[in-house]
Amino acid sequence: MRSRVVLGEFGVRNNFRVDVVHMDENSLEFDMVGIDAAIANAFRRILLAEVPTMAVEKVLVYNNTSIVQDEILAHRLGLIPIHADPRLFEYRNQEGTEIDTLQFRLQVRCTRNPHAAKDSSDPNELYVNHKVYTRHMTWVPLGNQADLFPEGTIRPVHDDILIAQLRPGQEIDLLMHCVKGIGKDHAKFSPVATASYRLLPDITLLEPVEGDAAEELSRCFSPGVIEVQEIQGKKVARVANPRLDTFSREVFRNEKLKKVVRLARVRNHYIFSVESTGVLPPDVLVSEAIKVLMGKCRRFLDELDAVQMD
């Protein structure tokens, strides 16, 4: 029977570390150092497809006289990110209840503006409610949801997403049910706009580069990668920040400089970029992805323990 696991067998080294480089409301950049490519890619795929969110699953259309067909309208509504913590909800099984479903109402009717100028041709002045935005979506609490969630916490992430355009007499009246799901089932449940990684560039100058050649070398790379310093009256190039390089390989088009530069990548240093759709902060998404990965590892170890080892 297997009683323990050596992390090195799964691509995790003794010098493993995570360094947060930049974080704001919706994006996070961090370094994972000392892991194998398989672990890094598993982490990326979990972020894309296995961290749950809430999204519109069912649309009950009572009236839709806009030019947007019911199916297209329902698809557009499903892709609207919903600001609701999925950790507070269960996966939906049968009929929706307050523990697994959120309900929104969208009811907008376009009319003419009686105060518009007679010679005006601007739709924004001629019509009232001619553009249907996510701000028109109204949360309808189910059961005791109004007591659990303060007003304003359950809403679309952005209130200025255009859903449809109307003209006088046209109306949209529908009810939406939001459920918990993962991106593996449908892309609308994916919590990230982008989740990617790249290897840290390793740029080495094989010999000193001075004078005009230093300036020319600096122009071959992204801004900030190569710095030109004044040393004893001479311009000397040095590698300042290799992580800014995009690996354009422009330097290899220069016959003089391509022999003085060696481009490589640090094989166990991964630069992750995570951009949230706004449903959860990016640092929370990363921690949830780690929990999912840990759960997969536990299930794998349980399966190993259940099998008699030779």
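Any read-out appearing in this document is the output of simple, stated calculations on the displayed coordinates, not a laboratory observation. Bear in mind that the values here come from a model prediction, so they are computed numbers and not experimental data. No Cβ is skipped: glycine too gets one built from the backbone with ideal geometry, and neighbour counts run over all protein chains shown.
Details
- FRET efficiency for GLU230 and ASP36, using Cβ-Cβ distance with R0 set to 45 Å, rounded to 0.05: 0.55
- Relative contact order, percent, the chain [alpha-carbon distance under 8 Å, six or more residues apart]: 27
- Cα point-scatterer Debye curve for the chain, base-10 log of I(q)/I(0) at q = 0.08, 0.09 Å⁻¹: -0.60, -0.71
- Estimated FRET transfer efficiency (ASN124, LEU79; beta-carbon r; R0 30 Å; 0.05): 0.75
- Only Cα sites of the range 207-259 enter the Debye sum here, all with the same form factor; the resulting log10 I(q)/I(0) across q = 0.14, 0.15, 0.16 1/Å is -0.32, -0.37, -0.42, listed in q order.
- Listed peptides 73-80, 62-69 appear in the order 73-80, 62-69 once ranked by packing, highest mean of other Cβ atoms within 10 Å at the front.
- Packing-based ranking of 44-54, 214-224, 93-103 yields 44-54, 214-224, 93-103, ordered from highest to lowest mean Cβ neighbour count within 10 Å.
- Set the Cα radius of gyration of the range 53-190 against 2.2 N^0.38 Å, with N its number of residues, and you get 1.16.
- Taking 0.36 nm per residue of sequence separation and removing the Cα-Cα distance, the GLU95/ASN113 pair yields an extension gain of 2.3 nm.
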